[in-house]
1. Identify all residues within the stretch 156-196 that are part of a loop (DSSP other than H, G, I, E, B) and touching a residue at least 24 places away in the same chain (Cβ under 8 Å); write none if there are none.
2. Within the stretch 126-135, identify whether any single residue is modelled with pLDDT of 95 or more, closer than 26 Å to Phe264 by Cα, of a type outside the set (Lys, Arg) and surrounded by fewer than 22 Cβ atoms within 10 Å (Cβ to Cβ), and answer yes or no.
3. State whether one or more residues within the stretch 197-218 are acidic (Asp, Glu) and part of a loop (DSSP other than H, G, I, E, B).
4. For Ile207, are the conditions met, namely being under 18 Å from the mean Cα position of the chain (by Cα), modelled with pLDDT of 95 or more and of a type in the set (Val, Ile, Thr)?
5. Working only within the stretch 199-236, note down all residues that are surrounded by 18 or more Cβ atoms within 10 Å (Cβ to Cβ) and more than 23 Å from Gly122 (Cβ to Cβ).
6. Taking the stated definitions as given, is Ser94 surrounded by 16 or more Cβ atoms within 10 Å (Cβ to Cβ), among the hydroxyl-bearing types (Ser, Thr, Tyr), modelled with pLDDT under 95 and touching a Cys at 6+ places or on another chain (Cβ under 6 Å)?
7. Please find, among Ala47, Ala68, Ala16, the residue that is of a type in the set (A, V, I, L, M) and over 23 Å from the mean Cα position of the chain (by Cα).
8. Which residues, counting only those in the stretch 33-92, are outside any loop (DSSP other than H, G, I, E, B), touching a strand residue (DSSP E or B) at 6+ places or on another chain (Cβ under 9 Å) and either in the same structural domain as Lys238 (by TED's automatic domain parsing) or not hydrophobic (A, V, I, L, M, F, W, C) (or both)?
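The values are calculated or read from the model by the stated rules, or taken from the named source; none is laboratory data. As the structure is a prediction and not an experimental result, all values here were calculated from the model. Counting neighbours? That spans all protein chains shown, and the Cβs are built from the backbone with ideal geometry, glycine included.
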Amino acid sequence: MKVGFIGLGNVGGKLAGSLLRNGYDLMVRDLDREIAQPFVDAGSRFAESPREMAEQCDLVITCLPSPAASAAVMEAEDGLLAGFGSGKIWAEMSTTDEAEVKRLGAKVIETGASPVDCPVSGGCHRAATGNIAIFAGCDRDVFERMLPVLTTLGRRVLHTGELGSASVLKVLTNYLATANLITCAEALVTAKAAGMDLNTTYEAIAISSGNSFVHETESQVILNGSRDINFTMDLVVKDISLFQAIADRHDVPLEMNPLMIQIFQDGMERFGPREWSPNIIKRLEEATGLDILAPGFPTEMVDLEPEELGYEVIPTGTR
């Protein structure tokens with residue numbers, strides 16, 4: 001299968017790297033040619049336009065920072081839609097809006113190609129090793145056609161149902177991760193204010209009912225001081241705003257999420273939209289005069305699990 005990949009940023013570059021590392025016939029494209037050059041040097045081809053990629057590849061993956069960016073790549077005069085045809089697959093790995101991916105998906109179907117929304121979850125460090133989780137919303141036969149690619153890109157792959165379902169679940173999980181980040185920040189600052197040793201506090205949370213994936217990963221780079229998870233405050237606001245839009249469409253009166261949006265909007269105003277998201281803790285550090293730092297923690301998140309071929313996750317109760 002010839003695979004095209006558009007968007008070689010923090011997550012996309014690592015996902016494309018997994019395909020290249022595992023021997024796929026790969027074509028790449030990014031607006032920044034310098035970002036794409038290492039892939040070309042390693043044997044990938046560079047697409048001069050999205051249309052060229054769509055014409056030459058069986059599967060085209062997009063991994064872009066916003067729904068608007070995806071729409072531009074799809075609908076431009078030399079965009080993907082101009083090059084798609086029967087039997088081809090478009091896989092949207094960006095975190096995007098359910099309604100928007102369905103809108104673009106309908107246009108893909110008109111060309112004879114098949115759309116899939118397949119966002120990832122688990123952090124850039126797991127994208128780099130091929131151990132990230134992947135949700136895939138599409139027809140079952142399309143899922144089975146591209147499953148070998150998905151199990152190369154990720155460790156655990158879940159078929160979520162129809163097109164758009166994966167995007168709903170992705171922003172739902174990002175909402176939960178954001179809530180965990182805010183509460184971890186509050187817990188660490190309160191522990192410090194109460195005179196607790198932060199190394200001991202980290203371990204207490206890690207072995208308790210209060211533990212979470214976010215604590216095990218992001219609390220470490222908070223305590224190190226780097227705060228570097230390759231994810232920025234503006235992306236947090238984008239994702240939890242998408243979750244808010246879903247809730248609003250279905251008349252769910254959320255209480256926590258609007259407050260979380262306000263917290264991160266304030267963080268962007270204070271520290272800039274491209275500040276690392278764990279630095280939301282700086283709001284409380286500044287308010288209390290405390291520095292939430294401890295020795296022995298890594299500067300960045302590292303996936304210690306070996307790269308392994310992925311597998312499909314079967315939902316409980318459907319076996």
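1. Those that are part of a loop (DSSP other than H, G, I, E, B) and touching a residue at least 24 places away in the same chain (Cβ under 8 Å): Glu162, Leu163, Gly164.
2. yes
3. Looking for residues that are acidic (Asp, Glu) and part of a loop (DSSP other than H, G, I, E, B), one finds at least one in the stretch 197-218, hence yes.
4. no
5. Selection gives Thr201 alone.
6. In short, yes.
7. Ala47
8. Matches in the stretch 33-92: Arg33, Gln37, Arg45, Pro50, Glu52, Gln56, Thr62, Ser70, Glu92.
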